[in-house]
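The values are calculated or read from the model by the stated rules, or taken from the named source; none is laboratory data. It should be emphasised that the depicted structure is a prediction, and the values quoted were computed from it without experimental measurement. As a convention, Cβ positions derive from the backbone with ideal geometry for all residues, glycine included, and neighbour counts pool all protein chains shown.
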Amino acid sequence: MEAHAILHAQAALGEGALWNPATQQLYWVDIEGRSFHVFDPATRQDVCFPTGARVGTVVPMRSGNVLLALQTGIHELDLRTGHLKLLANPLTDPNLRFNDGKCDPAGRFWVGTFHMEQRPHAGTLYRYDPDGRLHVMLRGITNSNGIAWSRDQATMYYIDTPTLTVQAFDYDNATGNIANPRAIIRLPKDEEGLPDGMTIDAEGKLWVALWGGGAVHRYDPGTGALLQKITVPAPFTSSCAFGGPGLATLYITTARHGFTPEQHEQFPLGGNVFAAETGVAGVPACFFGDK
């Protein structure tokens, strides 16, 4: 099955796909374009909010605002005024930036970092709680990426891209603690791309965007088996999220940052937002501050 382009975004580094079920809009970011976007598939209108700094990901808030993980810290963005309010900033190295992240079922914001000079194990996975406290959850991460939680709230799934694995952790929804890391999905080296963004469907299966692979793969977290492939006519496939009516559409972001002149010619759709009807539904995104 091949995804089709639904937004001619031509993003430098599209990422952070997330469907807001309250507004029926797709949130996504352009990291290198330093912008946050709100896309309405019904009208095909895409509203751009400049962020002034690289932006790794976005999560919705019950107030109608959003949390943005910028290179200058975690901010609240007022969608009515465009005003950014700094909430927390643990980043002291100018070569570190926030990357992917999402809210857990209790409404805590998990977001990790990435060293832009590719320094191994320089990143950290943080948990930012609604009470304003910031917790270090994992150290020694190289490229913090996809994150998701099981429907029974007992397991957290997480990707540190260069490990070529999806890890599972025991997850305590009451406290936000994680324990017992183990690799449950292993990708073949240099074959199908690097694991990047991730989402989970209503059947508990994981969808992983493959950076450099031009695809999103569906895996069984219980067995590690590859169940389904969605091909994308853009090699730098970065994130995915279920949305639309019944959460039946898989939205996919891509990038064109780093393209060679030959790749610009070969992949003119690179950087666009794509969609695919997979035959399964997703689960609603969690909002910051959910109880």
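Here are a few things to note about the model shown:
- Restricting segment 233-248 to residues that are in a strand (DSSP E or B) and either touching a Phe, Trp or Tyr at 6+ places or on another chain (Cβ under 7 Å) or at pLDDT below 95 (or both), the residue that is farthest from CYS286 (Cα to Cα): PHE236
- Among the residues of segment 159-183, the ones that are in a strand (DSSP E or B), crowded, with 18+ Cβ neighbours inside 10 Å and either of a type in the set (D, E, K, R) or touching a Ser or Thr at 6+ places or on another chain (Cβ under 8 Å) (or both) come to 5 in all.
- Qualifying positions in segment 220-239 - under 17 Å from GLN167 (Cβ atoms) and of a type in the set (Val, Ile, Thr): THR223
For every residue, the table says whether it meets (1) crowded, with 16+ Cβ neighbours inside 10 Å; (2) in a strand (DSSP E or B); (3) among the aromatic types (Phe, Trp, Tyr).
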| position | (1), (2), (3) |
| --- | --- |
| GLY64 | no, no, no |
| LEU67 | yes, yes, no |
| ILE74 | yes, yes, no |
| LEU87 | no, yes, no |
| PRO90 | no, no, no |
| ASN99 | yes, yes, no |
| LYS102 | yes, yes, no |
| ALA106 | yes, no, no |
| VAL111 | yes, yes, no |
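- Pairs with Cβ under 6 Å, 6+ apart, first in segment 212-232 and closer than 24 Å to LEU269 by Cβ and modelled with pLDDT of 95 or more, second among the acidic types (Asp, Glu) and surrounded by 14 or more Cβ atoms within 10 Å (Cβ to Cβ): GLY213/GLU192
- Test for GLN71: is it of a type outside the set (Asp, Glu), farther than 30 Å from ASP152 by Cβ and out of contact with any strand residue (DSSP E or B) (no Cβ under 7 Å at 6 or more places or on another chain): no
- Residues that are part of a strand (DSSP E or B) and of a type in the set (Val, Ile, Thr) were ranked within segment 39-59; the one that is farthest from TYR27 (Cα to Cα) is VAL55.
- Boolean, THR199 is assigned to a loop (DSSP other than H, G, I, E, B) and either among the β-branched types (Val, Ile, Thr) or touching an Asp or Glu at 6+ places or on another chain (Cβ under 8 Å) (or both): no
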